[in-house]
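Reviewing the structure listed below.
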Amino acid sequence: MQSLGLAAWPAALLLVAFGLARAIGDVLQQRLKPTPLKALAATGGVLLLSAALAALAAPAAWPLAAGLGGLWGDAVTGLAAQGLGALRIPGARIIAGLVFLAGGCGRPVSPSA
């Protein structure tokens with residue numbers, strides 16, 4: 001939870017889904033079709049979601065030292081916000097969060113066969 005923040009929940013659900021697809025076999029594998037590329041895309045999506053959550057301010061009752069996006073989200077959003085801030089773009093942290101949210105929730109383009 002400390003490293004991914006609230007994005008740890010979707011990460012756990014993805015691990016369960018891919019694990020069940022592997023364990024149950026043909027029935028779920030035909031539906032989910034787990035591949036290494038899908039696993040990599042899911043990991044990237046979770047990290048982008050973590051970065052998007054880090055752009056939001058943590059509530060006063062938040063128990064962790066890192067923000068809502070965890071350590072990874074804070075680092076990625078902080079770097080992007082510093083880059084946009086160097087270009088003197090106002091609201092750099094919110095813009096970075098929206099870009100990461102769009103990237104994390106987007107549907108990956110599958111190569112045509």
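Coordinate-derived values only; no laboratory data. Nothing here was measured: the structure is a model prediction, and the numbers come from that model. As a convention, Cβ positions derive from the backbone with ideal geometry for all residues, glycine included, and neighbour counts pool all protein chains shown.
Under the simplified labelling scheme, the Gln82-Ile95 pair shows an inter-label distance of 1.8 nm, with each label point 7 Å from Cα along Cα→Cβ. Using a/c under 1.5 as the rounded threshold, could you call the chain rounded, prolate or oblate? The axes a ≥ b ≥ c are square roots of the C-alpha gyration tensor eigenvalues, and prolate needs a/b larger than b/c, oblate otherwise. Oblate is the answer for the chain, as a/c is 1.5 or above yet b/c matches or exceeds a/b.
Net charge dipole, the chain: roughly 220 debye, given to the nearest 20, about the Cα centre with Cβ charges of +1 for Lys and Arg and -1 for Asp and Glu.
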